[in-house]
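The structure appears right after this line, and notes come after that.
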Amino acid sequence: MKLKDKKLGEILVARGALTEEDLNKALVEQKQTKAFLGQILLKRGVIKKRDLADALQDQLGLPYVDLSEVTVPSELGQLLPESFVRTHRAVPFKLEDGTLSVAMTDPLNLTAIESMRLVTGLHVQPFFAPEEDVQLATNQLFDGRTAAYKAIEDSNGTHHDDSSDGNGLTVPDLERMVEDAPVVRLVDSIVHGAIADAASDIHVEPTERDVRVRYRVDGVLYEMMQIPKRLQSAVISRIKIMAGMNIAERRLPQDGRISMSADGREFDLRVSTLLTIFGEKVVMRILDKSSVLLQLEDLGFLPEQQSLVEKLITRPYGMILATGPTGSGKTTTLYTALNRVNRGDNNIVTIEDPVEYQLPGINQSQVREAANITFARGLRAILRQDPDVIMVGEIRDRETADIAIHAALTGHLVFSSLHTNDAASALPRLLDMGIEPFLIASSVIGVIGQRLVREVCRECKVTYRPDPEVLEDLGISDQGKDVRFARGEGCQSCGGRGYRGRTGVFEVLRVTDPIKRLVLAKKSSLEIREQAVSEGMILMKECGLRKVLAGTTSPEEVLRVVYIEEE
């Protein structure tokens, strides 16, 4: 069989760049996400960019370009609309002798190639480049902050309100202001810049002298730009109109939603407003519908932890809880567990607030306080729907906890979350809610405590030998070994931060008979944790330290996220 007759995965395996096991895992994910197999393998880190390029060269005869070694001329940004470049993931990087060289994540997209030829009037030569490289080059070519400041500059000739909250303006005034082209472009550049930076939240914060815009990237807020005070009312009103809010209401908090496409992906933005002393603050939570992780292997469990989780979620009934503060990845963990047990022959129903991601084959419902559909009422309705597996987004009160526990006792597998600092604290927390000890001991089968830590950027990662004092402070014994830590020096790929992406640090508590006896005796979380550790539970801090020693994250990051919580 010729190489061109083989599939991409087969070529990579034949070349020794990929194992059959890793290929099979990637094929499972591809079946679910419909993503390009090569991109899945790169994302998982099981092949290198060069491996994929060589395989595609063998299979299809496609040339490869390493965009990290190319400086894209800024004038090429004038040849194709930014929306086209982002939608088709095709960035021009060279123009020579009437031929436009274009880096594409899908160089077989003949429709896109023909469109580029018609728009530019040039011969188009496609090259293959990994998706993250194309996205980074696109972000550099169409820098969001540059576009934002250009829009601010263009607004100089337009009259805008310069008061702190815009209360002197009428609704027609606001409507006229938000339709100004510079304001529209400014808001669009803020949103698209956040998506390009892989931000999870956008904060638009009025201050005394200007409006501060910050992005939350990998769990940390970074200031991105300042908007003149005169544009405050126009910008905030523009966002409110996009989110379907009432622009005339400037005192009471409001919630809204924006659906949009960018970079060929679908996004939901959950928008909320809050009146501060300097005007309305707006926060936009960015939900990438395609980014939800659906494989346990992707979450960051240690092998022994993952094995235990897999055993827990295959139990026919009982309750499994995910614990941690807001933003610690509990929802992603629960969704991943649901996806693992979604076999097609069972009825899985959820009640969430809100439904963050839509999962195929799972019946999802949403809390609606205005219609008096609470977690408790929604859960009662679910129990009349012949469910096998139930997910309750969060247990907030005794009524919800009571119904969920009785569901677990009557033959259902129940997933839910609690806001506690660690896994062991979940059981006393249920006691505090007024649940009887014997009900907790009989229903809860496992608790997953978790946090998210930033990963050291792979592109600028360097290793170093830590001081012995640092090792001692961390409780690490080098035992004569050459212990090395990793840190990111900062590069274009990570925006100079030294970190890119996040992974979980976990502790998985299995409710054994000795732990049940402690619950029945109403013992403290400390005693429950000590018993769990004696039975082999790996604490979050140990999980984090293992990731430090593996070079996945830094000791500073683990100290920031885990140790402070546990001291």
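Determine whether the range 280-291 contains at least one residue that is at pLDDT below 95, under 20 Å from the mean Cα position of the chain (by Cα) and among the small types (Gly, Ala, Ser).
Yes - at least one qualifying residue is present in the range 280-291.
Name the single residue that is farthest from Leu221 (Cα to Cα) among those in the range 502-549 being of a type in the set (A, V, I, L, M) and in a loop (DSSP other than H, G, I, E, B).
This residue is Ala521.
Considering only residues of the range 15-37 that are touching a helix residue (DSSP H, G or I) at 6+ places or on another chain (Cβ under 8 Å), assigned to a helix (DSSP H, G or I) and free of Cβ contacts under 8 Å to residues at least 60 places away in the same chain, which is least open to solvent (accessible area, probe 1.4 Å)?
The qualifying residue least open to solvent (accessible area, probe 1.4 Å) is Ala26.
Can you confirm whether Leu76 is under 20 Å from Pro130 (Cβ atoms), open to solvent by 50 Å² or more (accessible area, probe 1.4 Å), part of a helix (DSSP H, G or I) and not basic (Lys, Arg)?
Answer is no for this residue.
Being open to solvent by less than 40 Å² (accessible area, probe 1.4 Å), hydroxyl-bearing (Ser, Thr, Tyr) and not in a helix (DSSP H, G or I) is true for just one of Thr350, Thr333, Thr400. Which residue is that?
One residue alone meets the criteria, Thr350.
For the subset of the range 356-371 comprising residues that are assigned to a loop (DSSP other than H, G, I, E, B) and over 18 Å from Arg398 (Cβ atoms), which member is most open to solvent (accessible area, probe 1.4 Å)?
Per the stated criteria, the residue is Gln358.
For residues that are of a type in the set (Lys, Arg) and buried (at least 19 other Cβ atoms within 10 Å of the Cβ), tally how many sit in the range 372-389.
Looking only at that region, the number is 0.
Just to verify a result, which residue in the range 79-123, among those that are of a type in the set (A, V, I, L, M) and assigned to a helix (DSSP H, G or I), is nearest to the chain's Cα centre (by Cα)?
The selected residue is Val85.
Is there a residue being in a loop (DSSP other than H, G, I, E, B), without any contact (Cβ under 8 Å) to a residue 40 or more places away in the chain, open to solvent by 10 Å² or more (accessible area, probe 1.4 Å) and charged (D, E, K, R) anywhere in the range 489-501?
yes
Does Ile448 meet the test of being of a type in the set (Val, Ile, Thr), under 22 Å from Lys516 (Cβ atoms) and in contact with an Asp or Glu (Cβ under 9 Å, 6 or more places away or on another chain)?
yes
The values are calculated or read from the model by the stated rules, or taken from the named source; none is laboratory data. Keep in mind that this is a model prediction, so the values were computed, not measured. For neighbour counting, all protein chains shown are included, and Cβ atoms are generated from backbone atoms with ideal geometry for every residue, glycine included. Heads up: the accessible areas ignore ligands, DNA and RNA and are worked out on the full protein's heavy atoms, side chains in. Shrake-Rupley method; radii C 1.70, N 1.55, O 1.52, S 1.80 Å.
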